[in-house]
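Before any comments, here is the structure.
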Amino acid sequence: DGRVEIPGTLRIPTGAAVGRVLTSNASGDASWQDLPAGASVWTVNGNNIYNSNTGNVGIGTSSPLARLHVETGTEDCALYGFHTATSGITYGGRFESASPSGTGVYGLAYATSGFNYGVYGLSASTSGRGVFGWATATSGATYGGRFESASTDGTGVVGWATATSGTTYGVYGRSASPNGTAIFGDATATSGFNYGVYGLSASTSGTGVYGWAYATSGATYGVYGASASTWGYGVYSWGRFVATGTKSFQMDHPLHPETRYLNHFCTEAPEPLNAYSGNVVTDARGYATVQLPDYFESINRDFRYQLTVIDSSDDFVLAKVVREIQNNQFVIRTNKPHVKVSWEVKAIRNDRWVQEYGYQTEQEKPQEHQGKYLHPELYGQPKERGIHHQPELDRPREVEKPQ
């Protein structure tokens, strides 16, 4: 009946219309299995290796869907690669695609519940990478790594470097293309609280997301954020926001929009100030009531007033505040009627956040920052004494290219 039995290794020839194979499990129990025409099977240490009539090979499946199809129903790995060399550029597994639209590695976790991963990378080395992506093309819209999440609670990229010392990376991406992206995160869900890229640090001096543009010329950005929504924010800080340089907003210059920018800078003060201003005209008796926003007194304290008279006559016109702010309004008076007055009120911010956390104008540096500077070069000190100095970013990182 076309059966062949070889101790330890069993195979059915591919010529029979219907094949049968005798397999055994780890306990030595044997059983016959029917196979489709043109198929063959090998049994190695109790594991079946199937060769279908389409040329596909399956391990653990009699219906292989690819040239090599590995399947398991237990909690172990379907495919495991382990390189034992302790030096050199080694790979536990390497997958490549020569197609212009191909994918070197494609990971799909299709379970709709549970804690699963499409691709999971882990490095225990003190200078290792959990996931390393390298786009070697020098042109085109390439990606060092691209990860997406379609879940309404998903995350485009999660990287975790478990080593507690050394220069480690949860995710490190690099692209050599002038139009490439080192790391690209795309959360495609149109609702829910999701992230294209999410960075988290548990260190008392750590950084959740760190951006460094180390080119010494050109219009570079350490971090660039943009939002297409009219209600969105390019960059949003939950909590305090600080800058060591100037703070400004930028626009195309109204007189030279094609060749120049116009920068306007923020006003600095040793207190968190809110400012309100406007114009008002006094009545026939010389009085005017200035109405402030209905939330004014609920978020401000210590009010300061400034009045400027606008008058083209030869008379010297006086203006003063005759009643301070009450019920979100104050009253001014001029010594002549129908006078235009520009007014400004400044006040110390006093909303609930400031009431709870306060503010510090002069602040002691924490112990780990003592003896260091935000900008050591301004004090004639070497850059190594910078609080945020990172030696590995002094020059472009030399990363070993895949062979």
- Residue match in segment 260-280 (condition: among the polar types (S, T, N, Q), out of contact with any Pro (no Cβ under 9 Å at 6 or more places or on another chain) and within 30 Å of PRO337 (Cβ to Cβ)): yes
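Could you check, for segment 331-350, whether at least one of its residues is surrounded by 11 or more Cβ atoms within 10 Å (Cβ to Cβ), small (Gly, Ala, Ser) and closer than 25 Å to ARG240 by Cβ?
Filtering segment 331-350 down to residues surrounded by 11 or more Cβ atoms within 10 Å (Cβ to Cβ) leaves 331-350.
With small (Gly, Ala, Ser) added as a condition, the list becomes 342, 347.
If we keep only those that are closer than 25 Å to ARG240 by Cβ as well, we get 347.
Looking for residues that are surrounded by 11 or more Cβ atoms within 10 Å (Cβ to Cβ), small (Gly, Ala, Ser) and closer than 25 Å to ARG240 by Cβ, one finds at least one in segment 331-350, hence yes.
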- Query: Identify, please: which residue in segment 63-73 is surrounded by fewer than 16 Cβ atoms within 10 Å (Cβ to Cβ) and either modelled with pLDDT under 75 or in a loop (DSSP other than H, G, I, E, B) (or both) and is, among those, farthest from the chain's Cα centre (by Cα)?
  - Reply: SER63
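Name the one entry in ALA288, ALA347 that is of a type outside the set (Ser, Thr, Tyr) and touching a residue at least 60 places away in the same chain (Cβ under 8 Å). Before the answer, list the steps.
Numbers: ALA288 fails: touching a residue at least 60 places away in the same chain (Cβ under 8 Å).
Sole residue among the options that is of a type outside the set (Ser, Thr, Tyr) and touching a residue at least 60 places away in the same chain (Cβ under 8 Å): ALA347.
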- Task: Please enumerate the residues belonging to segment 329-357 that are out of contact with any Gly (no Cβ under 6 Å at 6 or more places or on another chain) and among the β-branched types (Val, Ile, Thr).
- Result: VAL331, ILE332, VAL339, VAL341, VAL345, ILE348, VAL354
- Select from segment 281-312 the residues that are closer than 18 Å to ASN335 by Cβ, open to solvent by less than 50 Å² (accessible area, probe 1.4 Å) and polar (S, T, N, Q) and list them in ascending order. THR282
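Considering only residues of segment 351-389 that are open to solvent by less than 60 Å² (accessible area, probe 1.4 Å) and closer than 30 Å to ALA176 by Cβ, which is modelled with the highest pLDDT? Give the steps one after another, and end with the answer.
Restricting attention to segment 351-389, the residues satisfying the condition of being open to solvent by less than 60 Å² (accessible area, probe 1.4 Å) are 351, 354, 358, 366, 369, 371, 373, 376, 381, 386-387, 389.
If we keep only those that are closer than 30 Å to ALA176 by Cβ as well, we get 386, 389.
Working: GLY386: 92, HIS389: 84.
Filtering first and then ranking leaves GLY386.
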- Name the one entry in GLY234, GLY208 that is in contact with a Leu (Cβ under 9 Å, 6 or more places away or on another chain), without any contact (Cβ under 8 Å) to a residue 12 or more places away in the chain and either closer than 30 Å to TYR359 by Cβ or open to solvent by less than 100 Å² (accessible area, probe 1.4 Å) (or both). GLY208
- Item | Checking ALA213 against (1) at pLDDT 90 or above; (2) assigned to a loop (DSSP other than H, G, I, E, B), the condition it does not meet | (1)
- Task: Using the structure shown, decide if SER139 is surrounded by 10 or more Cβ atoms within 10 Å (Cβ to Cβ) and either touching a strand residue (DSSP E or B) at 6+ places or on another chain (Cβ under 7 Å) or assigned to a loop (DSSP other than H, G, I, E, B) (or both).
- Result: yes
- Query: What single numbered condition from (1) without any contact (Cβ under 8 Å) to a residue 12 or more places away in the chain; (2) under 16 Å from GLY121 (Cβ atoms) fails to hold for ILE183?
  - Reply: (1)
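Is there a residue being open to solvent by less than 80 Å² (accessible area, probe 1.4 Å) and closer than 30 Å to LEU307 by Cα anywhere in segment 182-203? Full working, then the answer.
Going residue by residue through segment 182-203, those that are open to solvent by less than 80 Å² (accessible area, probe 1.4 Å) are 182-189, 191-192, 194-196, 199, 201, 203.
Filter once more, keeping what is closer than 30 Å to LEU307 by Cα: none.
No, segment 182-203 contains no residue that is open to solvent by less than 80 Å² (accessible area, probe 1.4 Å) and closer than 30 Å to LEU307 by Cα.
The values are calculated or read from the model by the stated rules, or taken from the named source; none is laboratory data. Keep in mind that what you see is a predicted model, and the values were worked out from it rather than measured. Neighbour counts run over all protein chains shown; Cβ positions are idealised from the backbone, glycine included. These area figures cover heavy atoms from the full protein model, side chains too; ligands, DNA and RNA do not enter into them. Shrake-Rupley method; radii C 1.70, N 1.55, O 1.52, S 1.80 Å.
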